[in-house]
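Q: Handing you a structure now.
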Amino acid sequence: MKIKFTKMHGCGNDYVYINGFTEKIPQEEKPDFVRHVSDRHFGIGSDGAIFINPAKEADFEMEMYNADGSRSEMCGNGMRCVGKYVYDYGLTDKTEFSVVSAGKIKYLTLTIEDGKAVQIRVNMGEPILDPAEIPVIANSTPVMNEPVTVLDKEYEMTCVSMGNPHAVVFVEDTASFPVNEIGPYFENHEKFPNRTNTEFVQVVDRNHINMRVYERGTGETLACGTGCCASVVACILNGLTDDTVYVNVLGGTVLVEWNRTENLVYMTGPAVTVFDGEIVI
């Protein structure tokens with residue numbers, strides 16, 4: 001069976017996108033399919049796969065999988081790419097619409113140039129700070145400067161959910177920090193019942209931060225949209241930045257705003273189509 005796909009990325013956070021309106025894969029076969037296509041040596045190569053499906057409660061559904069075949073609740077970079085896909089490929093002619101992922105609805109606004117979506121602003125919703133809802137085993141609400149021991153060293157973390165769990169750790173220099181060594185131990189730490197994404201953040205000034213991320217089920221990626229949002233929320237909670245912050249990741253830059261009057265987080269950034277293809281499964 002041949003399956004048509006589109007490879008896309010948001011700041012280097014790349015996924016294989018499948019049009020669920022036309023391409024049909026049995027639900028029980030999707031984890032194996034995702035593991036195959038995500039393999040960077042034997043497959044297409046990606047941080048995971050995203051199916052764009054019909055939805056009743058929103059204009060579209062985003063069904064997201066990590067590279068290891070596990071389901072994930074939310075992906076900010078993936079959400080922007082879904083917005084670009086449905087506009088560029090003619091599934092909608094609207095520049096404002098909704099997308100549901102794991103039961104949570106997000107609202108997108110597209111910037112169009114030469115008939116293509118080039119920048120997407122996503123209303124990412126309210127940050128979740130209750131430890132039981134993140135979830136994280138912690139001693140305070142919100143979870144700020146919570147001690148956690150990894151490889152016999154104590155770190156402090158601020159925990160936020162943007163629909164998926166994040167542990168934000170402030171470091172002096174993201175460039176030299178051993179993300180791939182430390183990240184797996186955070187991901188699978190006993191404090192996180194559902195594992196966690198971990199952001200290592202260096203504050204540059206009141207409006208700029210550097211961030212590297214170790215994503216649950218994938219490893220270090222070039223960007224993580226929900227991680228950018230969680231990092232900015234953590235910075236603001238700790239009094240380290242203003243409410244509007246440019247987040248520099250390995251694959252580019254996104255703008256994150258936490259409107260605390262509305263208690264809503266907005267993320268704006270690019271989405272890029274790499275290529276279209278077919279894969280035999």
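Q: Can you name the condition, by its number, that residue 141 falls short on among (1) without any contact (Cβ under 8 Å) to a residue 40 or more places away in the chain; (2) polar (S, T, N, Q); (3) in contact with a Lys or Arg (Cβ under 8 Å, 6 or more places away or on another chain); (4) under 20 Å from residue 199 (Cα atoms)?
A: Evaluating residue 141 over (1) without any contact (Cβ under 8 Å) to a residue 40 or more places away in the chain; (2) polar (S, T, N, Q); (3) in contact with a Lys or Arg (Cβ under 8 Å, 6 or more places away or on another chain); (4) under 20 Å from residue 199 (Cα atoms) leaves (3) as the failure.
Rundown of residues vs (1) in contact with a helix residue (DSSP H, G or I) (Cβ under 9 Å, 6 or more places away or on another chain); (2) in contact (Cβ under 8 Å) with a residue 24 or more places away in the chain; (3) among the small types (Gly, Ala, Ser); (4) closer than 30 Å to residue 190 by Cβ, yes/no style:
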| residue | (1), (2), (3), (4) |
| --- | --- |
| 92 | yes, yes, no, no |
| 99 | yes, yes, no, no |
| 114 | no, no, no, no |
| 121 | yes, yes, no, no |
| 145 | no, yes, no, yes |
| 148 | yes, yes, no, yes |
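Q: Let me ask you something else. Pairs under 8 Å by beta carbon, first residue on the phi > 0 side of the Ramachandran plot in the stretch 177-204, partner open to solvent by 30 Å² or more (accessible area, probe 1.4 Å), six or more apart or different chains?
A: 195/188
Q: Next question. I'm trying to understand the selection: among the residues of the stretch 230-257, which are hydrophobic (A, V, I, L, M, F, W, C) and farther than 26 Å from residue 135 by Cβ?
A: Those that are hydrophobic (A, V, I, L, M, F, W, C) and farther than 26 Å from residue 135 by Cβ: 250, 255.
Q: Tell me which residues, restricted to the stretch 128-149, are of a type in the set (Gly, Ala, Ser) and either over 14 Å from residue 237 (Cβ atoms) or modelled with pLDDT of 95 or more (or both).
A: 132, 138
Q: Name the residues in the stretch 94-120 that are open to solvent by less than 60 Å² (accessible area, probe 1.4 Å) and of a type in the set (Lys, Arg), would you?
A: Scanning the stretch 94-120 gives a single hit, 106.
The values are calculated or read from the model by the stated rules, or taken from the named source; none is laboratory data. If you're wondering where the values come from, they're calculated on a predicted model, not measured in any experiment. No Cβ is skipped: glycine too gets one built from the backbone with ideal geometry, and neighbour counts run over all protein chains shown. To get the accessible areas, we keep the full protein, side chains included, count just its heavy atoms, and leave off ligands, DNA and RNA. Shrake-Rupley method; radii C 1.70, N 1.55, O 1.52, S 1.80 Å.
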